[in-house]
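Accompanying notes for the structure given below.
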Amino acid sequence: MSETRAWQVVLERIESDLLEGSLRPGDRLPPERELASTLGVGRSSVREALRVLEVMGLIRTGTGSGPSSGAIIIATPQGGMSALLRLQVAAQGFPLDDVVRTRLVLESAVVDALAADPARDTGDARAIVDAMDAADLTPAEFLALDARLHLALAEASGNLVIAAMMAGLRTAIESYVQAGAEGIADWDAAASRLRAEHRTILDAVDAGDAGRARTLIHDHITGYYAEAGLARAND
């Protein structure tokens, strides 16, 4: 099992427990050593997954010993429950180009709806974009936040079906995007470009410019896949 895949196992297990309700805000996660043993991964993989969860705002970690040490749940993922999880599992077998084309349809509808809504609230999305400016983010952490950003936009659109579909596809999207990062020669330059594109998309949405927002989100999605050499989708 690769290091990237190992930390994803930890991430998916904790997220599943959150969605199923076996973990709730206020609960503490088992110690790193116990999680590593239970899931059959290294402690470094556990630490990587916990750091991503913390960046995503789902847990808070403490240091030292005693009741305040370890990781405590502070939020639960948004979205449906069993149906969402089933879609996440099924999505792992979807062809890459199909996922890309579906993202283009869904996310174009998302930015179109947001741009047309004078009561739109892109605050959560902008907070995630700000978090992506942190200089010490690993590519995995950056891309986990990237996936969360696109989901936050879908949630902000107010269309519950689109938001649920985006949430269900998130794991598949993250898998392809993570794989694509390995094919990008200059990750720092790519991350800088992605940050700029995110802000430009949000600016177009907040300006109510639906046409520009649709063009930008289309170019943003297809541009990454083209740069990573992953997809042929261009429609």
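The values are calculated or read from the model by the stated rules, or taken from the named source; none is laboratory data. This one's a predicted model, so the numbers in the text were calculated from it and none came from an experiment. As a convention, Cβ positions derive from the backbone with ideal geometry for all residues, glycine included, and neighbour counts pool all protein chains shown. Ligands, DNA and RNA are excluded from the accessible area calculation, which covers all protein heavy atoms including side chains. Shrake-Rupley method; radii C 1.70, N 1.55, O 1.52, S 1.80 Å.
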Could you check region 34-79 and list, in sequence order, the residues that are open to solvent by less than 30 Å² (accessible area, probe 1.4 Å), modelled with pLDDT of 80 or more and farther than 17 Å from L18 by Cα?
A36, V41, S45
Sort through L137, L230, L202 and tell me the only one that's of a type outside the set (D, E, K, R) and open to solvent by less than 20 Å² (accessible area, probe 1.4 Å).
L202
Determine whether E182 is closer than 26 Å to A49 by Cβ, among the acidic types (D, E), open to solvent by less than 20 Å² (accessible area, probe 1.4 Å) and under 18 Å from the mean Cα position of the chain (by Cα).
no
Could you name every one of the helices (runs of 4 or more DSSP H) located completely within region 130-233 that has at least 3 residues being acidic (D, E), modelled with pLDDT of 90 or more and out of contact with any His (no Cβ under 7 Å at 6 or more places or on another chain)?
187-206
Could you grab me the full set of residues in region 127-177 that are over 11 Å from the mean Cα position of the chain (by Cα) and among the β-branched types (V, I, T)?
V129, T138, V161, I162
Candidates G180, G158, filtered to the one that is on the phi > 0 side of the Ramachandran plot and in contact with a helix residue (DSSP H, G or I) (Cβ under 9 Å, 6 or more places away or on another chain)
G158
